[in-house]
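Right, one structure below, let's go through it.
The values are calculated or read from the model by the stated rules, or taken from the named source; none is laboratory data. Here the structure is a predicted model, which is why all the values come from computation and not from measurement. Using ideal geometry, Cβ is built from the backbone for each residue, glycine included, and neighbour counts are taken over all protein chains shown. Just the protein is used for accessible areas: all its heavy atoms, side chains included, with ligands, DNA and RNA removed. Shrake-Rupley method; radii C 1.70, N 1.55, O 1.52, S 1.80 Å.
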Amino acid sequence: MDCEKILTKIQSFIQERVTKAKAKGVILGLSGGIDSALVATLCKRALKDEVFALLMPTKHSNKANLKDSLRLCESLNLKYKIINIEAILQAFLKESEMLDKIRTGNYAARIRMSLLYDYSAFKNYLVVGTSNKSELMLGYSTIYGDLACAFNPIGGLYKSEIYTLAKYLNLDANFLQKAPSADLWENQSDEEDLGFSYALIDEGLRALEKNDTLQISKLNPCLISMLQQRIKQNAFKREMPPILCLDEFL
């Protein structure tokens with residue numbers, strides 16, 4: 001990875017998207033994870049003062065993540081607001097039936113995005129995405145939740161590449177060392193959910209993307225099967241909703 005060239009490209013991309021939209025700056029949700037921490041750092045480098053963060057915990061959120069997010073805001077001199085979304089979440093859950101933890105987590109993700117877009121309109125800031133390429137390929141995100149954004153500066157980087165860039169930028173060790181988690185429920189772990197480490201997942205995704213049959217044959221068949229299944233069943237999350245064309249009848 002040529003980190004310096006990647007940084008230059010990302011910073012230019014951020015600046016171009018804001019200028020093109022005639023927006024004042026960007027807004028993002030800070031979760032305490034490495035992806036949003038990296039995006040916040042990149043946006044701060046690109047835009048200086050026109051970056052705003054929302055920190056939106058629930059009662060199940062890891063308190064260490066909130067502390068890490070606050071420390072990052074202070075170190076970057078980032079403007080932020082803490083909104084505890086537990087009461088909003090409970091109001092939604094009251095109207096649902098036979099809930100499970102995934103649907104509850106999806107609710108939390110969509111509430112956070114609703115708040116981000118409200119503050120986006122209030123401040124004339126663009127919502128910036130924080131999903132990496134591994135998550136996007138697997139559909140390991142909530143549609144109209146953390147997937148929603150005006151643009152995404154890190155969607156071309158696999159999770160393992162996120163760590164490389166974060167190390168290059170000297171992000172706090174807490175972000176580099178903690179286990180990847182969407183923090184949608186207590187003790188949730190991305191790698192436990194997926195069944196494999198991101199290092200192995202990224203190796204498999206690269207091989208599949210390049211259609212490298214030799215490399216694919218060397219990898220765990222269960223890993224490849226899981227990746228292929230997720231890529232296929234979640235492809236709709238990476239596409240705009242189809243619109244039926246009726247021109248021939250009009």
*Residues (in a loop (DSSP other than H, G, I, E, B) and of a type in the set (Asp, Glu)) located in the range 70-95*: 95
_Pair list, Cβ under 9 Å, 6 or more apart: the range 206-225 residue farther than 18 Å from residue 137 by Cα, other residue of a type in the set (Lys, Arg)_ = 215/206
*Kindly indicate the residue of the range 69-89 that is within 15 Å of residue 171 (Cβ to Cβ) and not hydrophobic (A, V, I, L, M, F, W, C) and also least open to solvent (accessible area, probe 1.4 Å) among those meeting that condition.*
69
*Filter the range 10-29 for residues that are in contact with a Ser or Thr (Cβ under 7 Å, 6 or more places away or on another chain) and open to solvent by less than 10 Å² (accessible area, probe 1.4 Å); which is nearest to residue 178 (Cα to Cα)?*
28
_With the structure loaded, tell me whether residue 171 is of a type in the set (A, V, I, L, M) and either without any contact (Cβ under 8 Å) to a residue 40 or more places away in the chain or assigned to a helix (DSSP H, G or I) (or both) or whether it fails that test._
no
_Tell me the residue from 66, 42, 7, 38 that is hydrophobic (A, V, I, L, M, F, W, C), open to solvent by 40 Å² or more (accessible area, probe 1.4 Å) and part of a helix (DSSP H, G or I), please._
66
*What single numbered condition from (1) of a type in the set (A, V, I, L, M); (2) assigned to a helix (DSSP H, G or I); (3) open to solvent by 60 Å² or more (accessible area, probe 1.4 Å) fails to hold for residue 98?*
(2)
*Give me a count of the residues in the range 134-159 that are outside any loop (DSSP other than H, G, I, E, B) and open to solvent by 40 Å² or more (accessible area, probe 1.4 Å).*
1
*Subset of the range 37-56 (residues that are out of contact with any helix residue (DSSP H, G or I) (no Cβ under 8 Å at 6 or more places or on another chain) and touching a residue at least 60 places away in the same chain (Cβ under 8 Å))*: 39
*asked:* Of everything in the range 57-66, what is in contact (Cβ under 8 Å) with a residue 24 or more places away in the chain and farther than 20 Å from residue 169 by Cβ? Give them in sequence order.
replied: 57, 58, 59, 60, 61, 62, 64, 66
*In the range 78-101, which residues are in contact (Cβ under 8 Å) with a residue 24 or more places away in the chain and of a type outside the set (Phe, Trp, Tyr)?*
78, 79, 81, 82, 83, 84, 85, 86, 89, 101
